[in-house]
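For reference, the structure discussed in these notes is given below.
The values are calculated or read from the model by the stated rules, or taken from the named source; none is laboratory data. Bear in mind that the values here come from a model prediction, so they are computed numbers and not experimental data. Methodologically, a virtual Cβ is constructed for each residue, glycine included, from the backbone with ideal geometry; neighbour enumeration extends over all protein chains shown.
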Amino acid sequence: MTTEKQIEANKENAKLGGVKTEEGKAISRYNAIKHGILCEDILIKGEDENSLIELGKKMRAELKPETEIELLLVDRIIASTWRLKRALKGESEMIECDIKGLFGSNKNFGEALSYDFANYDSYGKFVRYETSLERSIYKALHELQRLQATRQGEKLPLPVAIDVDISKE
């Protein structure tokens, strides 16, 4: 249990600490994102941490988030972009593996693809995963653009939902 004396001491200490300069504030605003993006869910063994950090810096510089929600959306874009790059590398490795075959029987790409479709549908699953990542990137990007435009005083129309009915009635 925190005593009244400790609470008062904490309040006094809080008045003294913290970032004072504009430069320091500009740097510290990204601390949570910088540390959160490097969790194991994003960076896996064998991946280059510096490449991920550089991607994050470039994305933040280009997208210029100013609020916490904008930072969250940029973080989502960075994470999904990183995963998409990983997926594309994996696709290339998957194709190489399928062409070589499990027992060294060289197949052409069409034969490997045909065999996979008939037995596993790994490529179909991969395309769905890739599509999901791309959708995540675009969804976050569009919401970020809407928030930034609204913050800058632009009046935007509400998002439109379209109901499609393909019945013959």
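Taking the listed residues ARG86, ARG76, the one that is surrounded by 14 or more Cβ atoms within 10 Å (Cβ to Cβ), out of contact with any helix residue (DSSP H, G or I) (no Cβ under 9 Å at 6 or more places or on another chain) and not small (Gly, Ala, Ser) is ARG86, with no other qualifying. Candidates LEU52, LEU43: the one that is at pLDDT 65 or above and in a helix (DSSP H, G or I) is LEU52.
Residues that are farther than 30 Å from LYS64 by Cα and of a type in the set (Gly, Ala, Ser) do not occur anywhere in the range 143-166. For the range 106-121, a residue qualifies if it is in contact (Cβ under 8 Å) with a residue 12 or more places away in the chain and either of a type in the set (Lys, Arg) or surrounded by 16 or more Cβ atoms within 10 Å (Cβ to Cβ) (or both), and the qualifying residues are ALA112, LEU113, ASP116.
Right, GLN152: surrounded by 11 or more Cβ atoms within 10 Å (Cβ to Cβ) and not hydrophobic (A, V, I, L, M, F, W, C) or not? No; evaluated as a whole, the condition is false for this residue.
Each row is one residue, and each column tells you yes or no for (1) in contact with an Asp or Glu (Cβ under 8 Å, 6 or more places away or on another chain); (2) aliphatic (A, V, I, L, M).
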{"site": "THR67", "(1), (2)": "no, no"}
{"site": "ARG86", "(1), (2)": "yes, no"}
{"site": "GLY124", "(1), (2)": "no, no"}
{"site": "VAL127", "(1), (2)": "no, yes"}
{"site": "TYR138", "(1), (2)": "no, no"}
{"site": "THR150", "(1), (2)": "no, no"}
{"site": "GLU154", "(1), (2)": "no, no"}
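Considered as a group, the residues in the range 106-164 that are small (Gly, Ala, Ser) and part of a loop (DSSP other than H, G, I, E, B) include one that is nearest to LYS89 (Cα to Cα), and that residue is ALA161.
The set of residues from the range 1-40 being assigned to a loop (DSSP other than H, G, I, E, B), surrounded by 11 or more Cβ atoms within 10 Å (Cβ to Cβ) and modelled with pLDDT under 65 comprises ARG29, TYR30, ILE37, LEU38. The conditions of being surrounded by 12 or more Cβ atoms within 10 Å (Cβ to Cβ), charged (D, E, K, R), assigned to a helix (DSSP H, G or I) and touching a Ser or Thr at 6+ places or on another chain (Cβ under 6 Å) are not met by ASP98.
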